[in-house]
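For reference, the structure is listed below as structure tokens.
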Amino acid sequence: MFRRKRKSSDFRAEIEAHIELERDRLIQQGRSPEDAQAAARRAFGNVLQTEERFYESGRWQWWDNLRQDVRFGIRMLVRNPGFTVTVILTLALSIGANTAIFSLVNALLLKSLPYSHPERLAAIYGKTTGTDAYNMRRSIDGEQWELLRDGVPSLLSAVSAGITSGVNLQSGSHAQYLHAARVSAHYFDVLALHPLLGRNFSEDEDRPHGPKTVVLSYATWRTAFNANPQIIGQAALLKGEPYTIIGVLPEHATTPLNADIYIALQPSREGEGGGTNFEAIMRLRDSATWQQADAQINSAWSRSQYALRHTGDHLTYYLVPLQKGQTDSLQAPMLAVMLAAGFILLIACANLAGLTLVRMLRRTTEIATRVSLGASPWQVQRQLWIENLILAVLGGLVGIGAGALALRALLLLLPQNFLPVADVSLDVRVLTFTLALALLTSFFFGMLPALITRKIDLRSAIASRGIVGGGAVRLRQFLIAGEVALTVVLLAAAGLLIRTLVHLETLSPGFNSNGVLAAKASLDDVRYHDPAAFRKLLSQSVAAMRQIPGVQNAGVGLTLPYERALIDGATLSEGKQAGQEVSTDTIYVTPGYFETLQIPVLAGRSFTDADGPDATKVVIVNRAFARLYFNTEDPVGRYLTDDAKRARLIVGVVENTVGSSAGGLTDDHAPLTSDQTIYVPAAQVASGEFLTVIHAWFQPSWIVRTESSMESVGAAMQNAMAGVDPNLPFSGFYSMNDLMAETLAIQRLEVALLVTMASLALLLSAVGIFALVANIVLQKKREIGIRMALGSTIGQAMVQVARSGVIASLLGVAIGLLLAAIALPAIRSALFGVGVYDIPTITVIVATLLLVTLLAATLPTLKIATIDPATTLREE
Amino acid sequence: MSTQPRKLDAKEPLDLLQGTLDLLILRTLIFGSQHGQGVARAIQQTSEQELLVEHGALYPALQRLEERGWISAKWGTSTSNRKARFYSLTPAGRKQLVTETTKWQRLSAAIARVLGPQTTDQ
């Protein structure tokens, strides 16, 4: 239907034929050829008009009209560069912000996991009822795993060790540190990943003490094994032992663990299987339903020891989609930020509505003229909507560019491997979203002026020299009050998050974080299962590092401040709580650990080389531990019993250091805490089995304190280590400040995002106020001129005009504070060290807004000084 | 500043003149296919020169009728051996002619009844 049936050339030919036929006839009647030609043309009338009428009747006319409207619209926009640039920039900023945020939301929450039938994948959640109700993803223990594997036929289930660890891969004379994940049989089957070469782990290989086998990621196969196609069946020297390579994963295959290599977990009820240290994933089998699976899990686990220990909890398990399970902790912050981005869009809409409204009112004369020349209301409206659309499309395009840039900046802000997805990109969904957003925005900001122009009265419009609408000022004031209110909410949220971050970053760390260089090495290695070998490695390597020029001290610890620590049991052997078993962070350290980190020793002494394997078993507790269990008494000289049932003499109390609460049970933990901690001398860890288990989870850190450059000392540390064990590579070197930044990555991200949004909102509000006042100055030029002629001063005139902007803003601040009071408790769980109703934050926000309002409202009134009363009166 | 030309909408009720011209064209074509100039001549002759059709107005009308499927057209050669576009009545056009003729007769009779006494009064 969009194709014209007949070409205009054909029509023209017909007209030519007509004139020739008519001329022929007239010549036949005896007239001269020239005369006949002229007469024929005369009888035909206006050829051009006829052709035009033919053309108009064509079905492409809407297209011609559209093109004409677009051309005209572009001309109008080019003629008002100030307006056009303001609108496009406003759109670009607001749409850009939304595009960037939505790309993240899309990648994290909307995009399907990259597996076949991702909707059948699940993670296990547990819900308790009662006073301490909570609801979260659950780790499971060895017994639960066996019951799940054997007693829930609706699911194909698999488990992995909760954390990826580091292992050493020896190839020839070269040793390398790799991230390893330990997974059970069927782990890749649940994800529907089929190896590129070889096969997945068999059930036999997954039995305790089964054959040692490994599956390589594609990248590791390429880099460490030169993409050798004959690799299957060969041995890789991993953790100091030969492991048979049984499979290579395909390129781009990712797992939730994202490791370099995969080793069979071989789970059991013993060792790490004695606690809830496994993370389960499952795939619903074809004929089964989720209800069946939930019921089977609860029934299978009701018989477990874990259930018997937790009978009071009223614990019920249920499956949730793996997608949600993977991104649960990011969901709330992402949605909050998305909401903030939505606010920005609303603010932008309010501004744009105000701007287009003013522009429309200034075009009243033009519109009135068009209407009086016969343009239908539809034609006028169409023209206006097309101009809005042009703006929306341009703004949307610039917005996509701005969004892509913002997204890149955002991703740079994040630590590596922070997001549980491989990449975040502007895909079709994001682009569609942006386009829809641009159109929606143009609809919102175009609607108001369109409604207003419908009421334009022709005669008064022409008579009043094109400026109409005192009512429009009131309307714009409400728009500005609305945007200021949203800005207040955003500023308040951003302010509270900044206070939280400042609080966390300035938390007394309990040690001197400057000048400490750290590196991890994997002791999950058969050579170091023996405590004697372990002791020798530690003492020799630390001694070698102390020899490095510029190094003041060195030490080794199982974990560092800012890190998640091993939680172990200890029994209090004295005092009124004697015999009570408590959970406490447990860290083995070498002598020099406290001195290197400069953790103050508050009472007693630090560890020395004399605290060897055969000396008295000793322990140092931190202040939090001492305070909780010994209250005001001095713990030094008392005893406590470690997990291996050995009494240890407390020889010292050290200051609390901040640690990560990432291992904490519930979500409302602050990211940094000072937990009760006990320190034991590394030389007094006597159990090889214990070393094996903890080193499968944690890679100890070598630390040195130095004033020299980090690079040169890093290389020297690697050399020092190579002198003791040439096949023990470090994972990489980092400072304690890097470690803190990584721990607070989410908080930093939240702050960066919200501060950006709030600044954007503030900027837009300022522009809105500025535009309102500037426009009033323009409208009231004559009135002001007359007032000044009658004796009003410039100052009075300025105050009078600026008042409308200030009043609107004040109203907005009041509404905003009210909104914030209602809305902000929702982000309470993201706040630490600051309350929801924080007077300093509110004061700063109100002061900032007042300042910005005054600036934005005063600047345009400066133009009043240029008004010459005489000229204005003459114009009257 | 330009005003938009009013779009000719096919669904808009046709004014009397247009409707009349359409009727005359359909009526002319009942005698067989004819080109535009022939139609113009025929209208002039059969109306005994009373109706002066501006030839230019004819072609948009022909185009409109063609689009509605009441007449069809194809290029052919005239008696004077010139190329011309020949129009002929379609079955739908024939039906339309009957309807329009009836309507027109009713309309002109009604107008005649209205105008009749008034003109005699004056």
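The values are calculated or read from the model by the stated rules, or taken from the named source; none is laboratory data. Because the structure is predicted, anything quoted here is derived from the model rather than measured. Glycine gets a Cβ as well: all are built from the backbone with ideal geometry, and neighbour counts include every protein chain shown.
See the values below:
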| quantity | calculated |
| --- | --- |
| Single residue of A:262, A:306 found to be within 30 Å of residue A:690 (Cα to Cα), assigned by TED's automatic domain parsing to the domain that holds residue A:138 and touching a strand residue (DSSP E or B) at 6+ places or on another chain (Cβ under 7 Å) | A:262 |
| The lone exception for residue A:693 - which of (1) assigned to a helix (DSSP H, G or I); (2) in contact (Cβ under 8 Å) with a residue 12 or more places away in the chain; (3) farther than 30 Å from residue A:645 by Cβ it fails | (3) |
| Condition met for residue A:330 (more than 30 Å from residue A:211 (Cα to Cα), modelled with pLDDT under 85 and buried (at least 17 other Cβ atoms within 10 Å of the Cβ)) | yes |
| Neighbours by Cβ (under 8 Å, 6+ apart or cross-chain): first from region A:33-46, in contact (Cβ under 8 Å) with a residue 24 or more places away in the chain; second hydrophobic (A, V, I, L, M, F, W, C) | A:44/A:15; A:44/A:19 |
| Residue check, residue A:603 in contact with a strand residue (DSSP E or B) (Cβ under 9 Å, 6 or more places away or on another chain), assigned to a helix (DSSP H, G or I) and surrounded by fewer than 24 Cβ atoms within 10 Å (Cβ to Cβ) | no |
| Subset of region B:69-100 (residues that are of a type outside the set (Val, Ile, Thr) and modelled with pLDDT under 85) | B:78, B:80, B:81, B:82, B:100 |
| Test for residue B:58: is it in a helix (DSSP H, G or I), within 14 Å of chain A (Cβ to nearest Cβ) and at pLDDT 85 or above | no |
| Flag for residue A:650 being in a strand (DSSP E or B) and either of a type in the set (A, V, I, L, M, F, W, C) or out of contact with any helix residue (DSSP H, G or I) (no Cβ under 9 Å at 6 or more places or on another chain) (or both) | yes |
| Positions within region A:174-202 being among the hydrophobic types (A, V, I, L, M, F, W, C), part of a loop (DSSP other than H, G, I, E, B) and surrounded by 17 or more Cβ atoms within 10 Å (Cβ to Cβ), in sequence order | A:185, A:191, A:193, A:201 |
| Condition met for residue A:218 (within 31 Å of the chain's Cα centre (by Cα), under 30 Å from residue A:168 (Cα atoms), surrounded by fewer than 21 Cβ atoms within 10 Å (Cβ to Cβ) and at pLDDT 90 or above) | yes |
| Meets criteria (surrounded by fewer than 15 Cβ atoms within 10 Å (Cβ to Cβ), at negative phi and without any contact (Cβ under 8 Å) to a residue 60 or more places away in the chain) for residue A:623 | no |
| In region A:311-327, the residues that are assigned to a helix (DSSP H, G or I) and exposed (fewer than 15 other Cβ atoms within 10 Å of the Cβ) | A:311, A:312, A:324 |
| Qualifying positions in region B:61-101 - closer than 16 Å to residue A:19 by Cβ and in a helix (DSSP H, G or I) | B:62 |
| Qualifying residue in region A:267-287 (condition: more than 30 Å from residue A:212 (Cα to Cα), surrounded by fewer than 14 Cβ atoms within 10 Å (Cβ to Cβ) and either assigned by TED's automatic domain parsing to the domain that holds residue A:179 or polar (S, T, N, Q) (or both)) | yes |
| Residues of region A:779-795 satisfying the condition of being without any contact (Cβ under 8 Å) to a residue 24 or more places away in the chain and either at negative phi or surrounded by 23 or more Cβ atoms within 10 Å (Cβ to Cβ) (or both) | A:780, A:783, A:787, A:790, A:792, A:793, A:795 |
| Enumeration of residues in region A:6-23 that are surrounded by fewer than 21 Cβ atoms within 10 Å (Cβ to Cβ), facing chain B (nearest Cβ under 7 Å) and of a type outside the set (A, V, I, L, M, F, W, C) | A:20 |
| Residue satisfying all of: in region A:24-48; within 7 Å of chain B (Cβ to nearest Cβ) and part of a helix (DSSP H, G or I); surrounded by the most Cβ atoms within 10 Å (Cβ to Cβ) among these | A:44 |
| Qualifying positions in region B:39-55 - within 11 Å of another protein chain (Cβ to nearest Cβ), surrounded by fewer than 21 Cβ atoms within 10 Å (Cβ to Cβ) and of a type outside the set (Lys, Arg) | B:44, B:52, B:53, B:54 |
| Subset of region A:240-279 (residues that are of a type in the set (D, E, K, R) and either touching a Pro at 6+ places or on another chain (Cβ under 9 Å) or free of Cβ contacts under 8 Å to residues at least 24 places away in the same chain (or both)) | A:270, A:279 |
| Candidates A:570, A:578, filtered to the one that is assigned by TED's automatic domain parsing to the domain that holds residue A:647 and surrounded by 14 or more Cβ atoms within 10 Å (Cβ to Cβ) | A:570 |
| Residue selected from region A:487-525 under the condition under 21 Å from residue A:718 (Cα atoms) and of a type in the set (A, V, I, L, M), by the criterion surrounded by the most Cβ atoms within 10 Å (Cβ to Cβ) | A:523 |
| Which numbered condition residue A:54 fails, given (1) facing chain B (nearest Cβ under 9 Å); (2) modelled with pLDDT of 85 or more; (3) under 13 Å from residue B:59 (Cα atoms) | (2) |
| From the options A:477, A:577, A:540, A:552, residue that is touching a strand residue (DSSP E or B) at 6+ places or on another chain (Cβ under 6 Å) and either modelled with pLDDT under 90 or more than 30 Å from residue A:629 (Cβ to Cβ) (or both) | A:552 |
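Every residue, every condition in (1) without any contact (Cβ under 8 Å) to a residue 24 or more places away in the chain; (2) surrounded by fewer than 16 Cβ atoms within 10 Å (Cβ to Cβ); (3) hydroxyl-bearing (Ser, Thr, Tyr); (4) more than 30 Å from residue A:103 (Cα to Cα), yes or no:
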residue: A:356; (1), (2), (3), (4): no, no, yes, no
residue: A:368; (1), (2), (3), (4): no, no, no, yes
residue: A:373; (1), (2), (3), (4): yes, yes, no, yes
residue: A:376; (1), (2), (3), (4): yes, yes, yes, yes
residue: A:385; (1), (2), (3), (4): no, no, no, no
residue: A:391; (1), (2), (3), (4): no, no, no, no
residue: A:396; (1), (2), (3), (4): no, no, no, no
residue: A:401; (1), (2), (3), (4): no, yes, no, no
residue: A:406; (1), (2), (3), (4): no, no, no, no
